Amino acid sequence: MQALGMELKRLRANKKWTQAFAAREIGIQQSYLSKLENGQFIPSTEVIEKLKLCYGEACIDKCLPINSAIHKPSHIILIMSLTLFMCGLIAWLCATYEIFYPQTYFTYQAKLGDFLAFNVTQQYQGERFIEGDVTYQIVGERQVSRIENRFLVVGSAICILISIVTALLSQRHRFINVESR
C-alpha cells in the first residue's frame, strides 16, 4: 500500500493542500489520512470512494492491487452469512417436519386362516387395505427417531450459529474501522 500512500501525498501536493484541509475535503480525520499516506492502513471501500471523488478515479485506481480485498463488495460477508443462515434454517425445517426422513411407521396385519402376515410401511394405507387376495388391517402406529433427522438438526444449528457469529464479527470489524477514523 506504499504506492497508494505515495500517490495520495503527490495528489495532495499537486493541489497544494495541507493534510488537515485534504482530510476535511475527503471527509476523514487527519490522523487517518496520515496513516493512509504513510502506508500504515488499507482504506475501506467507502474511503476509496471518497478519495476517488476528491482526487479523481484514475489516479487512485492505478495504485490499488487487483486482487485486493478493497475491490470486493463490503457486504459479501453479510451476504454469505445470510445464505448460510437460510440453508441452516431450511435444513432445520426439513428435519423438524420430516420432509426427507419421515418418522412415522404403520403396522398392518393380515390373517387368513393359519396365514399371518405383517406389513410395516411409512405410508398410511387407511384402516384396511387389500393387496392381492389378502386384506390388511392396521394394528399400530409408531414414531421412530431417525438418526438422519438428528444429524440435520445438529448440522442446521451449527450453520445458523456460524452465520450469526460471522455476521456479528463482520459488523464488529466494520464498527472498529469506523471508530478508528
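Once phi is turned into ³J(HN,Hα) by the Karplus curve 6.51 cos²θ - 1.76 cosθ + 1.60 with θ = phi - 60°, what whole-Hz value does each residue of the range 31-45 show in order, with x for glycine and proline?
4, 5, 4, 4, 5, 5, 5, 8, x, 8, 10, 9, x, 6, 4
With the contact rule set at Cα under 8 Å and sequence spacing of 6 or more, what percent relative contact order holds for the chain? Can you show the working numbers first?
Values: 203 pairs, mean separation 39.5, N = 181.
RCO, the chain: 22 percent.
Taking the Cα atoms only, what angle lies between the long axis of helix 76-96 and the longest principal axis of the chain, rounded to 10 degrees?
Its long axis makes an angle of about 10 degrees.
Find how many whole Å separate the alpha carbon centroid of the range 85-129 from the alpha carbon centroid of the range 1-22.
Measuring centre to centre over Cα atoms gives 72 Å.
Which residue, 170, 156, 145, tops the fluctuation ranking in a GNM of the chain built on C-alpha contacts under 10 Å?
Of 170, 156, 145, the most mobile in the Gaussian network model is 145.
Between residue 162 and residue 116, what FRET efficiency comes out of the Förster formula 1/(1 + (r/R0)^6) with R0 = 45 Å and r the beta carbon distance, rounded to 0.05?
Details: r = 53 Å, r/R0 = 1.17.
Here the calculated transfer efficiency is 0.30.
Name the most mobile residue of 94, 159, 54, meaning the one with the largest mean-square fluctuation, in a Gaussian network model of the chain with Cα contacts below 10 Å.
Of the options given, 54 has the highest mean-square fluctuation.
What distance in nm lies between label points placed 7 Å from Cα along the C-beta direction at residue 78 and residue 94?
Rounded to a tenth, the inter-label distance reads 2.8 nm.
Could you list which residues have their amide H under 5 Å from that of residue 103, counting only those 5 or more apart in sequence or on another chain, with H placed in the peptide plane?
It is none; the list stays empty.
Could you give the dipole magnitude of the chain about its Cα centre, charging the beta-carbon of Lys and Arg +1 and that of Asp and Glu -1, in debye to the nearest 20?
Working: 19 positive and 15 negative charges, 307 e Å.
About 1480 debye.
Could you derive backbone 3J(HN,Hα) for the range 99-113 from the dihedral phi with the Karplus parameters 6.51, -1.76 and 1.60 (θ = phi - 60°), listing whole Hz in sequence and x where the residue is Gly or Pro?
Result, rounded to whole Hz: 5, 8, 10, x, 10, 9, 10, 10, 10, 10, 10, 10, 9, 9, x.
Evaluate E = 1/(1 + (r/R0)^6) for residue 107 and residue 87, where r is the Cβ-Cβ distance and R0 equals 45 Å; express this FRET efficiency to the nearest 0.05.
Details: r = 36 Å, r/R0 = 0.80.
Once rounded, the FRET efficiency stands at 0.80.
For a Förster distance of 41 Å, can you work out the FRET efficiency between the beta-carbons of residue 151 and residue 3, rounded to the nearest 0.05? List each step's numbers first, then the result.
Numbers: r = 51 Å, r/R0 = 1.24.
It comes to 0.20.
I want to verify a result. In a Gaussian network model of the chain, Cα cutoff 10 Å, which of these has the top mean-square fluctuation: 12, 150, 142?
Judging by the Gaussian network model, the answer is 142.
Once the dipole of the chain is set up with Lys and Arg at +1 and Asp and Glu at -1 on Cβ about the Cα centre, which of 56, 22, 117 lies farthest towards its positive end?
22
Treat each spin label as a single point 7 Å out from the Cα along the C-beta direction, and report the residue 133 to residue 38 distance in nm.
9.8
Every number here is computed from the coordinates shown, using simple stated rules; none is lab data. Predicted model only: the values in this text are computed from it and were never measured. Counting neighbours? That spans all protein chains shown, and the Cβs are built from the backbone with ideal geometry, glycine included.
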